[in-house]
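Asker: Submitted below is the structure of interest, expressed as C-alpha coordinates.
The values are calculated or read from the model by the stated rules, or taken from the named source; none is laboratory data. In this text, all values refer to a predicted model and were calculated from it rather than measured experimentally. Methodologically, a virtual Cβ is constructed for each residue, glycine included, from the backbone with ideal geometry; neighbour enumeration extends over all protein chains shown.
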Amino acid sequence: MQKNQPAPSPQTAVCPFGRTTSKVDKLIKRLQDFLGRTYRPGDARRAGMATTLGLAKGRFTVDENVPVHLRAGVFSQGHSFPCWVRFSTSSERIRSDKEKQVRGLAIKLLGVYESSGGGGRLSEDEHCTQDFTFLSQPFVPLGTLDRFAGIAPFFLRFSTWGGLLWLMMHGHFDIIRKTAGNIHHDSSPLDIAYWSCVPYQCGERHVVKCKLQPTSAFRSRLPAKLTDDYLKENLARHLAEHPASFDVFVQCYRNDASTPIEDASVEWPEDVSPFVKVATLELPVQSVNAPSRKQLAEVIAFSPGNSLMAHRPVGELNLARVQIYRELARYRHARNGKARVEPRAEDFDAAE
(Lines give C-alpha, C1' and ligand atoms only; values in the text may rest on other atoms or scores of the structure.)
Protein backbone atom coordinates (compact mmCIF):
# COMPACT_ATOMS: atom_id res chain seq x y z
CA MET A 1 0.00 0.00 0.00
CA GLN A 2 1.30 3.45 -0.92
CA LYS A 3 1.93 5.97 1.81
CA ASN A 4 -1.14 8.02 2.76
CA GLN A 5 -3.46 5.68 0.89
CA PRO A 6 -6.57 4.78 2.91
CA ALA A 7 -6.63 1.26 4.27
CA PRO A 8 -9.61 -1.04 3.85
CA SER A 9 -12.02 -0.97 6.74
CA PRO A 10 -10.94 -3.14 9.69
CA GLN A 11 -13.33 -5.81 10.88
CA THR A 12 -15.96 -3.88 12.84
CA ALA A 13 -19.16 -4.99 14.47
CA VAL A 14 -22.54 -3.67 13.42
CA CYS A 15 -24.40 -2.23 16.39
CA PRO A 16 -26.77 -4.88 17.79
CA PHE A 17 -29.64 -2.43 18.24
CA GLY A 18 -31.82 -3.22 21.21
CA ARG A 19 -29.07 -5.26 22.92
CA THR A 20 -26.64 -3.89 25.48
CA THR A 21 -23.86 -5.30 27.62
CA SER A 22 -24.17 -5.23 31.41
CA LYS A 23 -21.46 -2.54 31.46
CA VAL A 24 -23.49 -0.28 29.19
CA ASP A 25 -26.73 -1.10 31.05
CA LYS A 26 -25.15 0.00 34.36
CA LEU A 27 -23.83 3.17 32.77
CA ILE A 28 -27.24 4.03 31.32
CA LYS A 29 -28.86 3.44 34.73
CA ARG A 30 -26.31 5.71 36.45
CA LEU A 31 -26.93 8.47 33.92
CA GLN A 32 -30.71 8.15 34.21
CA ASP A 33 -30.47 8.30 38.01
CA PHE A 34 -28.31 11.41 37.69
CA LEU A 35 -30.89 13.11 35.46
CA GLY A 36 -33.64 12.16 37.90
CA ARG A 37 -31.74 13.67 40.85
CA THR A 38 -30.58 16.79 39.03
CA TYR A 39 -33.60 17.98 37.05
CA ARG A 40 -37.26 18.48 37.90
CA PRO A 41 -39.88 16.71 35.75
CA GLY A 42 -40.50 18.91 32.73
CA ASP A 43 -37.00 20.41 32.78
CA ALA A 44 -34.65 17.45 32.20
CA ARG A 45 -31.62 18.26 30.04
CA ARG A 46 -29.11 16.14 28.17
CA ALA A 47 -26.65 14.27 30.39
CA GLY A 48 -23.50 15.31 28.53
CA MET A 49 -24.37 18.41 26.49
CA ALA A 50 -26.77 20.14 28.87
CA THR A 51 -26.18 23.76 27.85
CA THR A 52 -27.67 24.76 24.49
CA LEU A 53 -25.85 27.76 23.00
CA GLY A 54 -28.14 27.97 19.98
CA LEU A 55 -29.97 26.02 17.28
CA ALA A 56 -29.35 27.18 13.71
CA LYS A 57 -30.74 26.35 10.28
CA GLY A 58 -28.17 25.38 7.69
CA ARG A 59 -27.38 23.79 4.35
CA PHE A 60 -24.92 20.89 3.98
CA THR A 61 -23.61 20.71 0.40
CA VAL A 62 -21.37 17.90 -0.78
CA ASP A 63 -18.46 18.81 -3.07
CA GLU A 64 -18.62 17.76 -6.71
CA ASN A 65 -15.03 16.46 -6.64
CA VAL A 66 -15.21 14.10 -3.65
CA PRO A 67 -12.60 11.35 -4.17
CA VAL A 68 -14.17 8.19 -5.57
CA HIS A 69 -13.32 6.05 -2.53
CA LEU A 70 -15.25 8.46 -0.25
CA ARG A 71 -18.43 8.71 -2.34
CA ALA A 72 -20.73 6.85 0.02
CA GLY A 73 -24.01 7.72 1.71
CA VAL A 74 -24.49 11.47 2.01
CA PHE A 75 -21.01 12.04 0.57
CA SER A 76 -22.18 10.92 -2.85
CA GLN A 77 -21.63 13.60 -5.47
CA GLY A 78 -24.05 16.48 -5.76
CA HIS A 79 -26.05 15.91 -2.59
CA SER A 80 -27.31 18.93 -0.68
CA PHE A 81 -29.37 18.74 2.51
CA PRO A 82 -31.17 21.22 4.76
CA CYS A 83 -30.02 20.73 8.33
CA TRP A 84 -30.38 21.76 11.95
CA VAL A 85 -27.17 22.55 13.82
CA ARG A 86 -27.09 22.59 17.64
CA PHE A 87 -24.25 24.36 19.44
CA SER A 88 -23.65 23.32 23.04
CA THR A 89 -21.29 23.13 25.98
CA SER A 90 -19.95 19.74 27.05
CA SER A 91 -21.18 19.55 30.62
CA GLU A 92 -23.47 17.40 32.74
CA ARG A 93 -25.21 20.49 34.18
CA ILE A 94 -26.10 23.95 32.88
CA ARG A 95 -22.87 25.97 32.92
CA SER A 96 -21.97 29.63 32.62
CA ASP A 97 -20.30 30.64 29.36
CA LYS A 98 -17.54 32.15 31.51
CA GLU A 99 -16.25 28.66 32.33
CA LYS A 100 -13.58 27.14 30.12
CA GLN A 101 -15.24 24.07 28.64
CA VAL A 102 -15.20 21.84 25.59
CA ARG A 103 -17.89 22.96 23.13
CA GLY A 104 -20.11 20.70 21.07
CA LEU A 105 -21.71 20.87 17.65
CA ALA A 106 -24.28 18.43 16.27
CA ILE A 107 -25.68 18.34 12.74
CA LYS A 108 -28.97 16.73 11.73
CA LEU A 109 -29.31 16.42 7.95
CA LEU A 110 -32.91 16.23 6.73
CA GLY A 111 -34.33 14.43 3.71
CA VAL A 112 -31.78 11.61 3.95
CA TYR A 113 -33.51 8.56 2.52
CA GLU A 114 -32.24 5.02 2.09
CA SER A 115 -32.02 5.80 -1.62
CA SER A 116 -29.22 8.25 -0.73
CA GLY A 117 -26.82 5.36 -1.28
CA GLY A 118 -26.47 4.48 2.37
CA GLY A 119 -27.33 0.75 2.30
CA GLY A 120 -30.30 1.06 4.66
CA ARG A 121 -30.57 2.60 8.13
CA LEU A 122 -28.91 1.66 11.39
CA SER A 123 -32.14 2.10 13.36
CA GLU A 124 -35.78 2.97 12.86
CA ASP A 125 -35.82 5.67 15.56
CA GLU A 126 -35.72 8.21 12.74
CA HIS A 127 -36.44 7.61 9.08
CA CYS A 128 -35.06 10.50 7.02
CA THR A 129 -32.12 11.99 8.94
CA GLN A 130 -28.35 11.65 9.28
CA ASP A 131 -26.67 12.94 12.43
CA PHE A 132 -23.03 13.92 12.96
CA THR A 133 -21.69 14.95 16.38
CA PHE A 134 -18.51 16.91 17.13
CA LEU A 135 -16.39 18.31 19.97
CA SER A 136 -14.05 21.30 19.97
CA GLN A 137 -11.05 19.02 20.54
CA PRO A 138 -9.68 16.22 18.34
CA PHE A 139 -9.90 13.44 20.93
CA VAL A 140 -12.08 11.98 23.69
CA PRO A 141 -9.95 12.30 26.85
CA LEU A 142 -10.99 8.95 28.34
CA GLY A 143 -10.91 7.21 24.98
CA THR A 144 -12.35 3.79 25.88
CA LEU A 145 -15.61 2.45 27.24
CA ASP A 146 -13.83 0.93 30.26
CA ARG A 147 -12.38 4.29 31.31
CA PHE A 148 -15.65 6.08 30.71
CA ALA A 149 -17.60 3.53 32.78
CA GLY A 150 -14.96 3.75 35.53
CA ILE A 151 -15.03 7.52 35.91
CA ALA A 152 -18.81 7.93 35.62
CA PRO A 153 -19.72 7.37 39.32
CA PHE A 154 -17.08 9.89 40.47
CA PHE A 155 -17.94 12.46 37.83
CA LEU A 156 -21.71 12.28 38.24
CA ARG A 157 -21.54 12.52 42.03
CA PHE A 158 -18.74 15.07 42.46
CA SER A 159 -18.71 16.79 39.05
CA THR A 160 -15.33 17.87 37.60
CA TRP A 161 -13.45 17.41 40.88
CA GLY A 162 -14.66 13.83 41.13
CA GLY A 163 -13.46 13.15 37.62
CA LEU A 164 -10.05 14.64 38.40
CA LEU A 165 -9.79 12.50 41.53
CA TRP A 166 -10.50 9.32 39.55
CA LEU A 167 -7.92 10.26 36.90
CA MET A 168 -5.25 10.91 39.54
CA MET A 169 -6.08 7.70 41.41
CA HIS A 170 -5.52 5.77 38.18
CA GLY A 171 -2.39 7.67 37.14
CA HIS A 172 -3.91 9.37 34.10
CA PHE A 173 -1.99 12.64 34.52
CA ASP A 174 -1.44 12.74 30.75
CA ILE A 175 -5.20 12.96 30.21
CA ILE A 176 -5.46 15.83 32.71
CA ARG A 177 -2.67 17.78 30.97
CA LYS A 178 -4.02 17.08 27.50
CA THR A 179 -7.55 18.13 28.40
CA ALA A 180 -6.44 21.30 30.21
CA GLY A 181 -4.50 22.35 27.11
CA ASN A 182 -7.55 22.07 24.87
CA ILE A 183 -10.14 24.17 26.70
CA HIS A 184 -10.31 27.90 26.14
CA HIS A 185 -12.41 31.02 26.41
CA ASP A 186 -13.72 30.94 22.84
CA SER A 187 -14.94 34.08 21.08
CA SER A 188 -17.93 32.27 19.56
CA PRO A 189 -19.08 28.73 18.74
CA LEU A 190 -18.87 29.84 15.09
CA ASP A 191 -15.15 30.69 15.30
CA ILE A 192 -13.67 27.33 16.33
CA ALA A 193 -12.92 23.95 14.76
CA TYR A 194 -14.71 20.74 15.71
CA TRP A 195 -13.81 17.05 15.41
CA SER A 196 -15.90 13.86 15.48
CA CYS A 197 -13.21 12.30 17.74
CA VAL A 198 -14.63 8.80 17.18
CA PRO A 199 -14.66 6.83 13.90
CA TYR A 200 -17.43 5.98 11.46
CA GLN A 201 -17.82 3.88 8.36
CA CYS A 202 -17.67 5.65 5.02
CA GLY A 203 -19.27 3.05 2.80
CA GLU A 204 -18.23 -0.55 3.29
CA ARG A 205 -14.52 -0.19 2.58
CA HIS A 206 -13.34 2.76 4.68
CA VAL A 207 -13.46 4.14 8.22
CA VAL A 208 -13.11 7.88 8.81
CA LYS A 209 -13.12 10.64 11.38
CA CYS A 210 -14.58 14.05 10.49
CA LYS A 211 -13.61 17.67 11.10
CA LEU A 212 -15.30 21.06 10.73
CA GLN A 213 -13.07 24.07 10.01
CA PRO A 214 -14.64 27.56 10.33
CA THR A 215 -14.43 29.72 7.19
CA SER A 216 -16.69 32.67 8.04
CA ALA A 217 -15.52 36.10 6.89
CA PHE A 218 -16.81 37.59 10.15
CA ARG A 219 -15.38 36.63 13.54
CA SER A 220 -16.66 37.66 16.95
CA ARG A 221 -14.54 39.42 19.55
CA LEU A 222 -13.90 37.97 22.97
CA PRO A 223 -15.55 40.42 25.41
CA ALA A 224 -13.27 42.31 27.79
CA LYS A 225 -15.58 41.15 30.57
CA LEU A 226 -17.06 37.69 30.13
CA THR A 227 -20.72 37.16 31.00
CA ASP A 228 -22.75 34.04 31.74
CA ASP A 229 -24.27 34.16 28.24
CA TYR A 230 -21.56 35.75 26.10
CA LEU A 231 -21.21 32.71 23.80
CA LYS A 232 -24.96 32.57 23.20
CA GLU A 233 -25.01 36.32 22.57
CA ASN A 234 -22.05 36.28 20.15
CA LEU A 235 -23.57 33.36 18.25
CA ALA A 236 -26.91 35.14 17.94
CA ARG A 237 -25.30 38.49 17.05
CA HIS A 238 -23.13 36.90 14.34
CA LEU A 239 -26.04 35.13 12.62
CA ALA A 240 -28.35 38.13 12.96
CA GLU A 241 -26.03 40.13 10.68
CA HIS A 242 -23.64 37.73 8.90
CA PRO A 243 -23.72 34.21 7.46
CA ALA A 244 -21.39 31.56 8.83
CA SER A 245 -19.71 28.58 7.22
CA PHE A 246 -17.51 25.56 7.85
CA ASP A 247 -15.52 23.29 5.55
CA VAL A 248 -16.20 19.59 6.18
CA PHE A 249 -13.26 17.18 6.07
CA VAL A 250 -12.76 13.46 6.55
CA GLN A 251 -9.63 11.61 7.65
CA CYS A 252 -9.19 7.93 6.72
CA TYR A 253 -8.12 5.01 8.88
CA ARG A 254 -4.63 3.73 8.02
CA ASN A 255 -3.66 1.09 10.57
CA ASP A 256 -4.25 0.19 14.21
CA ALA A 257 -0.88 1.57 15.33
CA SER A 258 -1.20 5.16 14.06
CA THR A 259 -4.98 5.51 13.67
CA PRO A 260 -6.50 3.23 16.32
CA ILE A 261 -10.20 2.46 16.29
CA GLU A 262 -10.62 1.43 19.92
CA ASP A 263 -8.91 4.33 21.73
CA ALA A 264 -10.47 7.69 20.95
CA SER A 265 -7.96 9.49 23.19
CA VAL A 266 -5.40 9.06 20.39
CA GLU A 267 -5.48 11.86 17.84
CA TRP A 268 -5.00 10.57 14.31
CA PRO A 269 -1.87 12.35 12.95
CA GLU A 270 -2.37 14.44 9.82
CA ASP A 271 1.03 13.49 8.41
CA VAL A 272 -0.14 9.86 8.36
CA SER A 273 -3.71 10.55 7.27
CA PRO A 274 -4.34 14.01 5.77
CA PHE A 275 -7.80 15.56 5.93
CA VAL A 276 -9.77 15.58 2.65
CA LYS A 277 -12.51 18.16 2.06
CA VAL A 278 -15.87 16.61 1.16
CA ALA A 279 -18.56 19.24 1.86
CA THR A 280 -19.48 22.72 3.05
CA LEU A 281 -21.80 23.65 5.93
CA GLU A 282 -23.46 27.06 5.48
CA LEU A 283 -25.58 28.91 8.04
CA PRO A 284 -27.53 31.86 6.58
CA VAL A 285 -28.46 35.05 8.39
CA GLN A 286 -31.22 34.17 10.87
CA SER A 287 -32.56 34.64 14.39
CA VAL A 288 -31.54 31.84 16.75
CA ASN A 289 -33.29 33.39 19.77
CA ALA A 290 -36.88 32.63 18.79
CA PRO A 291 -38.77 30.66 21.49
CA SER A 292 -39.62 28.04 18.87
CA ARG A 293 -35.90 27.38 18.34
CA LYS A 294 -35.32 26.80 22.05
CA GLN A 295 -38.32 24.47 22.19
CA LEU A 296 -37.19 22.51 19.14
CA ALA A 297 -33.68 22.13 20.55
CA GLU A 298 -35.11 20.25 23.54
CA VAL A 299 -37.44 17.85 21.68
CA ILE A 300 -35.13 16.69 18.91
CA ALA A 301 -32.42 14.13 19.59
CA PHE A 302 -28.95 14.05 18.05
CA SER A 303 -27.40 10.59 18.12
CA PRO A 304 -24.86 8.45 16.23
CA GLY A 305 -27.73 5.96 15.92
CA ASN A 306 -29.64 8.30 13.58
CA SER A 307 -27.60 7.14 10.63
CA LEU A 308 -27.42 5.41 7.32
CA MET A 309 -25.51 2.13 7.48
CA ALA A 310 -22.93 3.81 5.23
CA HIS A 311 -22.00 6.10 8.15
CA ARG A 312 -22.58 3.75 11.08
CA PRO A 313 -20.43 4.23 14.20
CA VAL A 314 -17.36 2.07 14.67
CA GLY A 315 -15.56 0.92 17.83
CA GLU A 316 -16.79 -0.21 21.26
CA LEU A 317 -17.12 3.30 22.70
CA ASN A 318 -18.99 4.63 19.69
CA LEU A 319 -21.35 1.65 19.58
CA ALA A 320 -22.05 2.16 23.28
CA ARG A 321 -22.89 5.81 22.54
CA VAL A 322 -25.65 4.64 20.21
CA GLN A 323 -27.35 2.77 23.04
CA ILE A 324 -26.65 5.44 25.68
CA TYR A 325 -27.91 8.34 23.56
CA ARG A 326 -31.02 6.39 22.58
CA GLU A 327 -32.03 5.43 26.12
CA LEU A 328 -31.20 8.82 27.64
CA ALA A 329 -33.23 10.62 24.96
CA ARG A 330 -36.18 8.35 25.72
CA TYR A 331 -35.79 9.01 29.45
CA ARG A 332 -35.44 12.78 28.99
CA HIS A 333 -38.48 13.08 26.76
CA ALA A 334 -40.59 10.90 29.07
CA ARG A 335 -39.54 12.91 32.14
CA ASN A 336 -40.42 16.11 30.34
CA GLY A 337 -43.74 14.73 29.12
CA LYS A 338 -42.87 15.63 25.54
CA ALA A 339 -42.78 13.39 22.51
CA ARG A 340 -39.59 13.14 20.52
CA VAL A 341 -39.74 15.06 17.25
CA GLU A 342 -38.08 14.07 13.98
CA PRO A 343 -37.77 17.26 11.91
CA ARG A 344 -38.81 16.90 8.28
CA ALA A 345 -37.28 18.46 5.21
CA GLU A 346 -40.78 19.39 4.02
CA ASP A 347 -41.28 21.64 7.07
CA PHE A 348 -37.80 23.17 7.09
CA ASP A 349 -38.37 26.36 5.10
CA ALA A 350 -41.43 27.32 7.16
CA ALA A 351 -39.69 26.76 10.51
CA GLU A 352 -38.78 29.95 12.36
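Asker: Which residue is surrounded by the fewest Cβ atoms within 10 Å (Cβ to Cβ), if the candidates are limited to the stretch 246-260 and must be under 17 Å from the mean Cα position of the chain (by Cα) and either closer than 23 Å to Arg147 by Cβ or of a type outside the set (A, V, I, L, M, F, W, C) (or both)?
Answerer: For the stretch 246-260, the residue satisfying everything is Asp247.
Asker: Starting from residues that are under 26 Å from the mean Cα position of the chain (by Cα) and either under 15 Å from Ala152 (Cβ atoms) or among the aromatic types (Phe, Trp, Tyr) (or both), keep the ones in the stretch 162-174 and report whichever is modelled with the lowest pLDDT.
Answerer: For the stretch 162-174, the residue satisfying everything is Gly162.
Asker: Restricting attention to the stretch 67-79, which residues are exposed (fewer than 15 other Cβ atoms within 10 Å of the Cβ) and without any contact (Cβ under 8 Å) to a residue 40 or more places away in the chain?
Answerer: Across the stretch 67-79, the qualifying residues are Val68, Gln77, Gly78.
Asker: A further question on this structure: With respect to Tyr331, is the statement that it is closer than 21 Å to Tyr200 by Cα and either among the aliphatic types (A, V, I, L, M) or outside any strand (DSSP E or B) (or both) true?
Answerer: No, not satisfied.
Asker: Right, another one. Check Arg340, Arg321, Arg312, Arg326 and return the single one that is farther than 29 Å from His206 by Cβ and basic (Lys, Arg).
Answerer: Result: Arg340 is the single residue among Arg340, Arg321, Arg312, Arg326 that is farther than 29 Å from His206 by Cβ and basic (Lys, Arg).
Asker: Suppose the filter is in contact with a Lys or Arg (Cβ under 9 Å, 6 or more places away or on another chain), of a type outside the set (Asp, Glu) and more than 21 Å from Cys128 (Cβ to Cβ); does Ser265 pass it?
Answerer: Criteria met by Ser265.
Rundown of residues vs (1) farther than 30 Å from Asn182 by Cα; (2) out of contact with any Pro (no Cβ under 8 Å at 6 or more places or on another chain), yes/no style:
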{"residue": "Lys98", "(1), (2)": "no, yes"}
{"residue": "Gly104", "(1), (2)": "no, yes"}
{"residue": "Lys108", "(1), (2)": "no, no"}
{"residue": "Gly119", "(1), (2)": "yes, yes"}
{"residue": "Glu124", "(1), (2)": "yes, yes"}
{"residue": "Cys128", "(1), (2)": "yes, yes"}
{"residue": "Phe132", "(1), (2)": "no, yes"}
{"residue": "Asp146", "(1), (2)": "no, yes"}
{"residue": "Ile151", "(1), (2)": "no, yes"}
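Asker: Which condition from (1) in a helix (DSSP H, G or I); (2) buried (at least 19 other Cβ atoms within 10 Å of the Cβ) is the one that Val207 breaks?
Answerer: (1)
Asker: Which members of the stretch 236-253 meet the condition of being under 25 Å from Val74 (Cβ atoms) and outside any strand (DSSP E or B)?
Answerer: Answer for the stretch 236-253, where residues must be under 25 Å from Val74 (Cβ atoms) and outside any strand (DSSP E or B): Leu239, Pro243, Tyr253.
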